[in-house]
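Heads up, the thing below is written out as structure tokens.
The values are calculated or read from the model by the stated rules, or taken from the named source; none is laboratory data. Fair warning: this is a prediction, and the values are worked out from it, not measured in the lab. Cβ atoms come from the backbone with ideal geometry, glycine included; neighbour counts cover every protein chain shown.
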Amino acid sequence: MIDLGQALIFGILIGGVYALMATGLTLTFGVMKIVNMAQGAFLITSTYLCYALWQHFGLDPVLAAFLVMFPMAALGFVVYKLVIERLERIDPGLTIVATFALALVAEAFLALIWGPNQRATDPAYSNQAIHLGPLVLPVAQFYACLLAVVITVVLQVAIKRTWLGHAITAASENPEGARLVGVEPARIGAWIFAIATASTAFGGAALSFLYQFTPDTQDFWLGLTLSVVIVGGLGSVPGAFAAGVLLGVTESLTTTYLSVRWATAVPTLLILVVLTVRPRGLFTRMTRQDAGS
Amino acid sequence: MTPLTWLTALRRAWIPIAVAALISYPLVSDDIYYQNMLIMTFILAIGASGWNIMGGYAGYLSLGNSAFIGLGGYTTGILAAKEHISPFLGCLVGGLMCAVGAALLSLITRRTRGMYFVIVTFGTLQLLGVVATIWSSLTGGSQGLAMPLPTWSLSYQDWPFYYSLLGLLVVTVAVSAWVRRSKLGLGLFAIQDNEDKAAGLGLRTAVYKMIAFVLSGTSLGIAGGIYAYYVTFLNTAAVFDVITSVLIVLAVLLGGRGTLWGPVLGAFIISPISDVTSTGFGGADAGAFRLLLFGGLLGAVAIFLPRGVLPVLESGLRRLLAGGSESTPASAGPDRSRTAASVRYVGSGSVKGGDRSPALVVRGLRKSFGGLRAVDGVDLDLPRGRITGLIGPNGSGKTTLFNIIDGTVPTRDGTITLGGHGIERSGRPTRAHAGLARTYQLPRLFANLTVVENLVVPERRFAFTKLWTNRVSSAERERALAVLDHLGLAAYADKGPTDLSYGQRKLVELAQVLWLDPILVMLDEPAAGISPALSERLADLVRSLREQGVAILLVEHDLAFIANLCDQVYVMANGAIIATGSVAEISADRAVIDAYLGDSAVPVASGGQA
């Protein structure tokens, strides 16, 4: 029973972190229907940047994220302008290929700069724990989950309340209509992409003190974030959160009752199961499809 | 000989020459280095040609095809190591495993589209890698799996590997060529253009895609088995490496996606590069440099050469050779003077027979999007041989109603009975087979196909045996040409639909759906935006369909067109039918005037001119 409770606590906390890591993909895949296969690479790049700031200046990874998000946003903006905007017009399939190619290049650069050895940041809270009776609440996971909630709420409010948020919603739901009222979907696209890439700074920061990382873990994180987005139903932020928790709990239970090695298979297995049972994801709503066609 | 036929002849000759050179190479040279390079090239070419059937023809990209090498390799390896089965037999089992695996993945993704397919293939590659590592009692895990060593005399070098892989490559390319020329290929290219539309024309798209993916994977699986024997040692990290998948995609994109020879050409460029770098790059950073090189190449090809070398070369050569005399006007062909009566738009099928059941009966159809009730309890009765109009203000739910009837939008509430068969739970191909056809507000023809091919794509019934027949049989071509002739479009038979005007495309789309031999045709704003002459031709065509007993349901804003054609009219507002009757009756209806016409004069009087 305690095992189960402990597994649930771990799962829920980690689930929030997974949702945070997938935030960028939720925006690009869900809102713009662009599969960004470089999500894992962006995430791990952020992680390394936070790591560098922590290592050289002793900056806490979470604080570092607030600096890292600016170069990441710029990177996203440039990638959108140079690669995605161009390819989406020819063939969306090419965007997938090109972003995947980008992920490989990023992985190569990280490996050339930092080498293949495992790294991690270890701020003071990284191995503290709060004891709640027989259960243990790991502080690092708790902070990371808190960060996830804060970032998600901020993004949600921004989308609901700001002009850019309205423009994003409009451009994604009805590009033609948006163009008519002076919102150019292509320009909005660059901003969404920049925000999505910037948000990996926070996921990357959490990753830096929760896990050991190497450059070649980017494809694992890509698989995991894709899983969050597909299981959650494209683009739904609450769905992504629910999916993150489902993924976290399943992994945690797998680790507790089966083996930690099988836990790495969970994201893909969940994708396969969900696509078989409910291709639109577990937490989706139907919308009118013919608008504009 | 014109330069163009000269070019084709050269191309024909090159293939036997190249094959002969490859066959004789090991006999004349004992250089093991180049033999090895060619063996790896064959494997990549097999993978690329297979990938192209799914990725190039059907448009479904995969980033996980190296999983087939792994699956085929491990199956062969395990059979050889544990059961002492010869790898040259075991690799066939490996191919079978890959066929089954591909079929399973197709089942899982059958209801999803391309972007999910990429993700699923990518995830499956990772998953198989994890499983192979964990299941070490079978696979040797991260320790690796050693295969028995070859038993033949050293003087034969690697000939058995070389020739079996070369043979497999020839077979794979032959299969690919055959797919291109068959109805299967026609369907796959249609799916790439517009899968929804293809399903609406009766194509069992899930089956097409499954066959394509199985063909994609099987030969690579067999090649994986031979590869395992060749390297005699399998290790999970190397075999399930995503970089192999990247090389496959890179070879196809570089050579020319969707062409027959592009993937092979790409493999012969990429494989030597890969070979040189894996031996040439040394030190701790070798892996990173390879990633950088192939990631960079893949990105560069996707961005700067998305069509690939072969199509670019070909169109360049064509332009060069054709010189100034490029556009030879399409001749209208021999003058086939046909009377309208001899032209069959619809077949002699069930339409004229004794079946007098109503064409379509709809009861209690409902659909909500969130809080919006788009369709709210609609009943329709469409008799055979009648033209029914459906009018209503914008946003009243007409197109949604079309989408529910043809299965694009699912709903749980209400029944749809077509020619006596309940179809409300059926998929789109089944509805098409039952006799349902529809056109779209903006015509959706398949851009990758010629006009004649567009006409013959529809399938009234599904048969496996038909998939392997020619794209367009001579009987089909004859009938299609007659139809085009009657539409005044004979000159466009072998052009792409982009050469047609908007109105002509609408006519061709109508002729296309009539190929289904339907009992009900739904037309979504057929007359909108087309010239009066074409509009008149369209009205004639619709009337002749009525004569043949086909039921027609048409949405139209042009009330004169409606008044001119329709026997009965339904009026829709806010998702519900608010009036029904003859044009005169509904014109006098108070509710209709309020909801739709406002207080302006009723524009029916003008009558004749559509």
- Message: When you scan the stretch B:176-189, do you find a residue that is within 28 Å of B:Pro263 (Cα to Cα) and out of contact with any helix residue (DSSP H, G or I) (no Cβ under 9 Å at 6 or more places or on another chain), even just one?
- Response: yes
- In the stretch A:69-84, is there at least one residue being surrounded by fewer than 17 Cβ atoms within 10 Å (Cβ to Cβ) and within 11 Å of another protein chain (Cβ to nearest Cβ)? yes
- Out of (1) surrounded by fewer than 24 Cβ atoms within 10 Å (Cβ to Cβ); (2) more than 29 Å from B:Thr133 (Cα to Cα), the one B:Asn52 does not meet is (1)
- So which of B:Leu96, B:Leu104, B:Leu92 ends up being touching a helix residue (DSSP H, G or I) at 6+ places or on another chain (Cβ under 7 Å), modelled with pLDDT of 90 or more and assigned by TED's automatic domain parsing to the domain that holds B:Thr75? B:Leu92
- Task: Filter the stretch A:32-48 down to residues that are at pLDDT below 90 and either over 16 Å from A:Val228 (Cα atoms) or more than 14 Å from chain B (Cβ to nearest Cβ) (or both), then give me how many there are.
- Result: 1
- Message: For the structure I just gave you, tell me whether A:Ile113 is in a helix (DSSP H, G or I) and within 14 Å of chain B (Cβ to nearest Cβ).
- Response: yes
- Task: Residue by residue through the stretch A:247-271, note down the ones that are touching a Leu at 6+ places or on another chain (Cβ under 8 Å) and within 12 Å of chain B (Cβ to nearest Cβ).
- Result: A:Ala265, A:Val266, A:Pro267, A:Thr268, A:Leu269, A:Leu270, A:Ile271
- Message: Given the options B:Gly407, B:Gly422, B:Gly435, name the one that is assigned by TED's automatic domain parsing to the domain that holds B:Val362 and over 20 Å from B:Asp517 (Cβ atoms).
- Response: B:Gly422
- Select from the stretch B:457-487 the residues that are more than 20 Å from B:Val542 (Cα to Cα) and among the β-branched types (Val, Ile, Thr) and write down the one among them that is surrounded by the fewest Cβ atoms within 10 Å (Cβ to Cβ). B:Thr465
- Query: Quick check, is B:Phe122 surrounded by 15 or more Cβ atoms within 10 Å (Cβ to Cβ) and within 14 Å of another protein chain (Cβ to nearest Cβ)?
  - Reply: yes
- Task: May I ask you to list the residues in the stretch B:32-64 that are in contact with a Phe, Trp or Tyr (Cβ under 9 Å, 6 or more places away or on another chain) and within 14 Å of chain A (Cβ to nearest Cβ)?
- Result: B:Met54, B:Tyr57, B:Ala58, B:Gly59, B:Tyr60, B:Leu61, B:Ser62, B:Leu63, B:Gly64
- Selection count, the stretch A:204-225, where residues are within 15 Å of the chain's Cα centre (by Cα) and within 14 Å of chain B (Cβ to nearest Cβ): 9
- Task: Report those strands (runs of 3 or more DSSP E) wholly inside the stretch B:510-592 carrying at least 3 residues which are within 24 Å of B:Gly407 (Cβ to Cβ) and at pLDDT 90 or above.
- Result: B:520-524, B:551-555
- Query: Can you name every residue in the stretch B:400-430 that is farther than 14 Å from B:Arg363 by Cβ, away from chain A (no Cβ under 14 Å) and touching a Leu at 6+ places or on another chain (Cβ under 7 Å)?
  - Reply: B:Pro429
- Message: Restricting to the stretch A:265-293, and then to whatever is of a type in the set (S, T, N, Q) and out of contact with any Gly (no Cβ under 9 Å at 6 or more places or on another chain), can you tell me which residue is modelled with the lowest pLDDT?
- Response: A:Ser293
- In the stretch B:363-390, which residue that is modelled with pLDDT under 85 and not in a strand (DSSP E or B) is farthest from B:Gly407 (Cα to Cα)? B:Gly371
- Query: Which of the residues spanning the stretch B:125-135 are touching a Ser or Thr at 6+ places or on another chain (Cβ under 8 Å) and facing another protein chain (nearest Cβ under 10 Å)?
  - Reply: B:Leu125, B:Gln126, B:Leu127, B:Gly129, B:Val130, B:Thr133, B:Ile134
- Note on the structure: Apart from one, (1) in contact (Cβ under 8 Å) with a residue 40 or more places away in the chain; (2) within 26 Å of B:Leu250 (Cα to Cα); (3) of a type outside the set (Ser, Thr, Tyr); (4) within 9 Å of chain A (Cβ to nearest Cβ) all hold for B:Ala103; the odd one out is (4)
- Query: Would you call A:Gly233 within 11 Å of chain B (Cβ to nearest Cβ) and either on the phi > 0 side of the Ramachandran plot or free of Cβ contacts under 8 Å to residues at least 12 places away in the same chain (or both)?
  - Reply: no
- Query: Being part of a helix (DSSP H, G or I), at pLDDT below 95, touching a Pro at 6+ places or on another chain (Cβ under 8 Å) and more than 30 Å from A:Leu222 (Cα to Cα), is that true of even one residue in the stretch B:34-41?
  - Reply: yes
- Message: If B:Leu449 satisfies all but one of (1) of a type outside the set (Gly, Ala, Ser); (2) crowded, with 19+ Cβ neighbours inside 10 Å; (3) touching a strand residue (DSSP E or B) at 6+ places or on another chain (Cβ under 8 Å), what's the number of the condition it fails?
- Response: (3)
- Item | Number of the condition not met by A:Glu173 [criteria: (1) buried (at least 16 other Cβ atoms within 10 Å of the Cβ); (2) closer than 24 Å to A:Val83 by Cα] | (1)
- Would you mind finding the one in B:Gly72, B:Gly64 that is over 28 Å from B:Gly187 (Cα atoms) and either in a helix (DSSP H, G or I) or at pLDDT below 95 (or both)? B:Gly72
- Which of the residues spanning the stretch B:112-157 are of a type in the set (Ser, Thr, Tyr), assigned to a helix (DSSP H, G or I) and under 29 Å from A:Val277 (Cβ atoms)? B:Tyr116, B:Thr121, B:Thr124, B:Thr133
- Exactly one of A:Val228, A:Val274 is within 25 Å of A:Val139 (Cβ to Cβ), within 14 Å of another protein chain (Cβ to nearest Cβ) and not aromatic (Phe, Trp, Tyr), and that one is A:Val228
- Query: Would you pick out the residues in the stretch A:122-158 that are crowded, with 19+ Cβ neighbours inside 10 Å and either assigned to a strand (DSSP E or B) or within 15 Å of the chain's Cα centre (by Cα) (or both)?
  - Reply: A:Pro138, A:Ala144, A:Cys145, A:Leu147, A:Ala148, A:Ile151, A:Thr152
- In this structure, does B:Asp558 turn out to be over 25 Å from B:Thr417 (Cα atoms) and charged (D, E, K, R)? yes
